[in-house]
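Laboratory data are not the source of any read-out in this text; all were calculated from the coordinates shown. From a predicted model like this one, the values you see are computed outputs, not experimental measurements. FYI the Cβ positions are ideal-geometry reconstructions off the backbone, even for glycines, and counts take in every protein chain you see.
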Amino acid sequence: MPRLDDAQLESLVSRAWEARLNAYAPYSQFHVGAALLTADGRVFTGANVENASLGLSMCAERVAIGAAAAAGARSVVAIAVAGVDDNGVFPCGGCRQVLSEFSPSMLILRCRPDGTYSITSLEQLLSSPFTGESVEKGKKTQSESIPAGVS
Ligand SMILES: [Zn+2]
């Protein structure tokens, strides 16, 4: 699990709350901000972006990881997620899977409205992600074949 000092953690928490101010959430009114730290020391932020076609809405975590990936980042050390929930906001299942692509062991900081935060690892929240290894194994099997033992 990556180790960050208190100043790094608090900076990420602060950036996540700042990012939350730009959330576009006219439908749910649930504003979320995220700030992530890449292995090369850069910080990228995101906010949730909703759409009238609700299924097209984007979570703050995915907006942040998209910005990081588009800037060439491929490894994330930690992500802070800020939303108004006394327990802190957990990344949704879809975001956990997307985040795992860029470092299964990254730290997740759940920011609470009182300014405190809790730290968990992504591995704790998503112990068995779907990985590129499964994709590679699938390529080796002919798509037309039915596995032995399946009737
Ligand atoms: Zn999500």
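Note down the Stokes-Einstein diffusion coefficient of the chain in µm²/s, whole number, using a Kirkwood radius over alpha carbon pairs, 37 °C, and 0.692 mPa s.
Stokes-Einstein gives a translational diffusion coefficient of 202 µm²/s.
Using a basic spin-label model with each label point 7 Å from the Cα along Cα→Cβ, how many nm lie between residue 21 and residue 119?
That separation, rounded to one decimal, is 2.7 nm.
Looking only at segment 23-151, where both bridge partners belong to it, what percent of the DSSP beta bridges are antiparallel (to the nearest 5)?
75
For the pair residue 57 and residue 3, how long in nm is the line joining their label points, each one 7 Å along Cα→Cβ?
The two pseudo-label positions are separated by 4.0 nm.
Are there DSSP H segments in the chain that both extend 20 Å or more along their axis (alpha-carbon positions) and score a mean Kyte-Doolittle hydropathy of at least -1.0? List them, or say none.
6-20
Suppose every K and R has +1 on its Cβ and every D and E has -1 on its Cβ; what is the size of the dipole of the chain about the Cα centre, in Debye to the nearest 20?
For the chain, the charge dipole is close to 320 debye.
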